[in-house]
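**Student:** Supplied in structure tokens, the structure appears directly below.
The values are calculated or read from the model by the stated rules, or taken from the named source; none is laboratory data. Everything quoted here is computed from the prediction, not taken from an experiment. A quick note on method: Cβ atoms are made from the backbone with ideal geometry, for glycine too, and the neighbour counts reach across all protein chains shown. SASA here: full protein model, heavy atoms, side chains in, ligands and nucleic acids out. Shrake-Rupley method; radii C 1.70, N 1.55, O 1.52, S 1.80 Å.
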Amino acid sequence: MKTVKLLSACLLLLPLVSCTQVQNKGGDAATEQKVEALLSKMTLEEKLGQMNQISSYGNIEDMSGLIKKGEIGSILNEVDPVRVNALQRVAVEESRLGIPLLMARDVIHGFKTIFPIPLGQAATFDPQVVEDGAWIAAIEASSVGVRWTFSPMIDVSRDPRWGRIAESCGEDTYLSSVLGAAMVKGYQGDSLNSPTSIAACAKHFVGYGAAEGGRDYNSTFISERNLRNIYLPPFEAAAKAGAATFMTSFNDNDGVPSTGNKFILRDVLRGEWGFDGLVVTDWNSAREMIAHGVATDDKDAAALAVNAGVDMEMVSYTFFKYLPEEIKAGKVKQSVVDEAVRNILRVKFRLGLFDNPYVDEKKASVMYDASHLEAAKRAAEESAILLKNEGEVLPLKENIRTVAVVGPMADAPHDQLGTWIFDGEKAHTQTPLTAIKEMYGDKVQVIYEQGLAYSRDKNTAGISKAVAAAQRADVVIAFVGEESILSGEAHCLADLNLQGAQSELIAALAKTGRPLVTVIMAGRPLTIGKEVEASNAVLYSFHPGTMGGPALADLLFGKAVPSGKTPVTFLKTVGQVPLYYAHNNSGRPASSHLKPLDEVPLEASQTSEGSSSSYMDVGAQPLYPFGYGLSYTTFKYGKPQLSAGELSSKDVLTVTFDLENTGKYEGTEIAQLYVQDKVASVTRPVKELKRFARVTLKPGEKKTVSFELPISELAFWNLNMVKTVEPGDFGLWVGPDSQTGDEVFFKVVD
Ligand code: BGC
């Protein structure tokens, strides 16, 4: 077995891909010849069979009849290697052309060893850690015969009500691009045809994260400019990184369901980006075009999807059944079907399935290898965000003798794994309670009182016991948050406060006067203003996965130092949705002045409180901005120096600054570079992340950090819908988050 390389990612300079055509790895003449040779032998039924994906069911015999006839190209949700081989044997040995099946599974943040949810991984701002996680997931999943995962999910997500924000890399286009590409690299390794590589699938193409009202599957209304500037770039980056496959999304954008959207599938993905891999629908989304009201029946839906550029249909079985009629009726061209089959066969050849279709059933298990657990722990450590640390209560000091561990998430082995863990097993989860006892039980006495049985629990009977435990302790650590079922697909919320009686629990613990450390494990950024206020320290860990316990224990006791930053804006209240840092300016930008609502005089005149883009009750500021996170140590930023004040679009700007660790602990800072295009043909975001780097410094150490930023990366889709860099003035900031840092200026000239 390969050993996991954990490359130190202390300083990473991360260019975003340029918008030139995607150079996919394969597409070589030898593969194309094989594809053509096979295609020329196929009947229409066999071609449509390749375009058909089913979900595994029943006994092998139940599926083998269909496979023998060449009616199935891919199967999802089969993870028993014996059954995988049995099914594959039918395809390879008993079907006329012996075309192997492509076995697929949602391996989203780990197969058995579960890593933090993708939103948590995004908080690491660490592409190497993210790549390692995907690589380990591929090693484990491929060992049972899975060769295709439906990941990365790179939907830019700016609405925390949407349950699937948990599966995303958050609100930022650039961060999602860099981390999505890292996942693709991790899954696919150096070569797709290595038996431990699995094909990645960039999903959901496209705009799914902008579901109206944060309700899953809902319509989106994204203009072409926003689509191109905000939602498409992570997909372009994934294609450029070699993603073998793409998945269409459930939503209709401005009336056009993605599964029937020629513009995104043919014009953009194939035409502009030169993608030659496979496009699959989302689950049943071909047929769902009937419910959308753009197809009359299955037949119509099938024709709409393939004509738009879909190659494979997930579970709805309309292609196989109805495309023969549609071809006869002249509604679908045979050449369109041929092209789709080419795309599918190409991926199967690239994966080496024709040479090596079987999985080694006798191979020793690779699941939960020590190196996998270590990588998952590191990811969980880096994903935790320190939001508050009043009086430096963290890390816990040597003189602490008794620790009260309370709360419904302290020992919730299933829930800390988060959403989309088909194959994760709670028996392998290491919870904070067990980890603190095992790793630090010789230093402190642990008193455990759950207080509430689970996150939605409204029964307050246990709170008094938790309070009694707190009173006996030197410090209280409260683990609260969300059960895993509260986020993920179709699990949206209209209320983002802590569920159940968790706020009451925190308030009661705070009243004891004992130092209170609140640790929050959740699938999304919750509105936790009250709890932050009540606590001395707050550590936000999203759902941290299998190794969340040991990671949090080391962070709490100071063996590790928090470095995570918010990958999404944390709101004060749900009514602020959508609130994200890279917004455009209104003509009347929000003023920072906020008069408490109760102080507004009765019958005040219409304009007495000013006229700015804000809320009278909570203002326009978030609870925490994008990119925010503290450390146990402190960092001082020097003023950024620019290599030139005037540059052309062909130049590269070098930005150099000093970063100093001014505190007492060694720590890692995620330095961020933001840019603003001051005047353009259309309004531009007030700030956009363009670079970031994880920089590790010892106490007192100072490093000079530099970022290289090609001016071409300032291009955007302008008034004429042309991607270009418009000359003019730009502002630039380097700092610890999206709201801090001195602005410096440069000019782009023709
Ligand atoms: C989800 C996809 C997933 C697919 C297969 C759908 O419901 O939207 O993200 O890959 O199911 O399980």
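**Student:** Tell me, which residue of region 344-384 that is among the polar types (S, T, N, Q) and assigned to a loop (DSSP other than H, G, I, E, B) is surrounded by the most Cβ atoms within 10 Å (Cβ to Cβ)?
**Tutor:** Here the answer is Asn356.
**Student:** Strands (runs of 3 or more DSSP E) wholly in region 651-745 with at least 2 residues that are surrounded by fewer than 20 Cβ atoms within 10 Å (Cβ to Cβ) and charged (D, E, K, R) - which ones?
**Tutor:** Where strands (runs of 3 or more DSSP E) fall fully within region 651-745 and carry at least 2 residues being surrounded by fewer than 20 Cβ atoms within 10 Å (Cβ to Cβ) and charged (D, E, K, R), they are 652-661, 702-710.
So that you can scan it fast, the table gives a plain yes or no per residue for (1) within 25 Å of Phe692 (Cα to Cα); (2) hydrophobic (A, V, I, L, M, F, W, C); (3) open to solvent by 10 Å² or more (accessible area, probe 1.4 Å):
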| position | (1), (2), (3) |
| --- | --- |
| Leu498 | no, yes, yes |
| Ser503 | no, no, yes |
| Val519 | no, yes, no |
| Gly529 | no, no, yes |
| Phe570 | yes, yes, no |
| Tyr580 | yes, no, yes |
| Ser586 | no, no, yes |
| Ser592 | no, no, yes |
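**Student:** Output the qualifying pairs, or none if there are none: Cβ atoms under 7 angstrom, residues six or more apart or on different chains, first residue in region 229-240 and closer than 11 Å to Val156 by Cα, second residue of a type outside the set (Ser, Thr, Tyr) and part of a helix (DSSP H, G or I).
**Tutor:** Within 7 Å, the pairs are Leu232/Val268; Pro234/Gly180.
**Student:** Would you check if Asp159 is outside the structural domain of Ile520 (by TED's automatic domain parsing), more than 10 Å from the chain's Cα centre (by Cα), more than 15 Å from the ligand (Cβ to nearest atom) and over 30 Å from Gly213 (Cα atoms)?
**Tutor:** In short, no.
**Student:** Restricting to region 615-636, give me the number of residues that are farther than 21 Å from Glu669 by Cβ and open to solvent by 50 Å² or more (accessible area, probe 1.4 Å).
**Tutor:** Of the residues in region 615-636, 4 are farther than 21 Å from Glu669 by Cβ and open to solvent by 50 Å² or more (accessible area, probe 1.4 Å).
**Student:** Of the conditions (1) within 18 Å of Gly667 (Cα to Cα); (2) crowded, with 24+ Cβ neighbours inside 10 Å; (3) in contact with a strand residue (DSSP E or B) (Cβ under 6 Å, 6 or more places away or on another chain), Ala551 satisfies every one except a single condition; which number is it?
**Tutor:** Just one mismatch for Ala551, condition (3).
**Student:** Still on this structure, I have one more. Can you run down the residue pairs with Cβ atoms below 7 Å, 6 or more apart or on separate chains, where the first is in region 253-269 and part of a strand (DSSP E or B) and the partner is at pLDDT 95 or above and not aromatic (Phe, Trp, Tyr)?
**Tutor:** Asn253/Gly207; Asn253/Thr220; Asn253/Ile222; Pro257/Met289; Pro257/His292; Pro257/Val294
**Student:** Need a quick list: strands (runs of 3 or more DSSP E) entirely within region 473-547 having at least 3 residues that are at pLDDT 95 or above, over 24 Å from the mean Cα position of the chain (by Cα) and of a type in the set (A, V, I, L, M, F, W, C).
**Tutor:** Working: elements: 475-481, 516-521, 537-540.
Output list reads 475-481.
**Student:** Checking Glu131 against (1) away from the ligand (no atom under 15 Å from the Cβ); (2) under 17 Å from Arg378 (Cβ atoms); (3) open to solvent by less than 10 Å² (accessible area, probe 1.4 Å), only one condition comes out false. Which one?
**Tutor:** Failing condition for Glu131: (3).
Conditions tested, residue by residue: (1) touching a Ser or Thr at 6+ places or on another chain (Cβ under 7 Å); (2) polar (S, T, N, Q); (3) in the same structural domain as Gln499 (by TED's automatic domain parsing); (4) over 14 Å from Ala404 (Cα atoms).
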{"position": "Ile436", "(1), (2), (3), (4)": "no, no, yes, no"}
{"position": "Asp442", "(1), (2), (3), (4)": "no, no, yes, yes"}
{"position": "Tyr448", "(1), (2), (3), (4)": "no, no, yes, no"}
{"position": "Ala466", "(1), (2), (3), (4)": "no, no, yes, no"}
{"position": "Arg472", "(1), (2), (3), (4)": "yes, no, yes, no"}
{"position": "Phe479", "(1), (2), (3), (4)": "no, no, yes, no"}
{"position": "Glu482", "(1), (2), (3), (4)": "yes, no, yes, yes"}
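**Student:** Right, another one. Of the residues that make up region 553-561, is at least one in contact with a Phe, Trp or Tyr (Cβ under 8 Å, 6 or more places away or on another chain), of a type in the set (Asp, Glu) and outside any loop (DSSP other than H, G, I, E, B)?
**Tutor:** no
**Student:** Can you pull out the residues in region 34-57 that are out of contact with any helix residue (DSSP H, G or I) (no Cβ under 6 Å at 6 or more places or on another chain) and within 16 Å of the ligand (Cβ to nearest atom)?
**Tutor:** Gln53, Ile54, Ser55, Ser56, Tyr57
**Student:** Inspect all residues belonging to region 207-228 and state whether any of them is in a helix (DSSP H, G or I), more than 14 Å from the ligand (Cβ to nearest atom), open to solvent by 10 Å² or more (accessible area, probe 1.4 Å) and aromatic (Phe, Trp, Tyr).
**Tutor:** Checked against the condition, which is being in a helix (DSSP H, G or I), more than 14 Å from the ligand (Cβ to nearest atom), open to solvent by 10 Å² or more (accessible area, probe 1.4 Å) and aromatic (Phe, Trp, Tyr), region 207-228 yields no hits at all.
**Student:** Within region 552-585, can you find the residues that are of a type in the set (Gly, Ala, Ser) and either in contact with a Pro (Cβ under 6 Å, 6 or more places away or on another chain) or over 18 Å from Thr124 (Cα atoms) (or both)?
**Tutor:** Matches in region 552-585: Gly558, Gly575, Ala582.
**Student:** For the list (1) under 28 Å from the mean Cα position of the chain (by Cα); (2) among the acidic types (Asp, Glu); (3) surrounded by fewer than 16 Cβ atoms within 10 Å (Cβ to Cβ), I need the number of the one condition that Glu398 fails.
**Tutor:** (1)
**Student:** Of all residues in region 595-621, count the ones that are assigned to a loop (DSSP other than H, G, I, E, B) and over 30 Å from Ala123 (Cα atoms).
**Tutor:** 16
**Student:** Determine which single condition Thr245 fails, assuming it passes every other condition in (1) away from the ligand (no atom under 16 Å from the Cβ); (2) more than 16 Å from the chain's Cα centre (by Cα); (3) open to solvent by less than 30 Å² (accessible area, probe 1.4 Å).
**Tutor:** Here Thr245 meets the rest and fails (1).
**Student:** Would you mind stating whether Val184 is outside the structural domain of Met547 (by TED's automatic domain parsing), within 16 Å of the ligand (Cβ to nearest atom) and outside any helix (DSSP H, G or I)?
**Tutor:** Here the answer is no, as Val184 does not meet what is asked.
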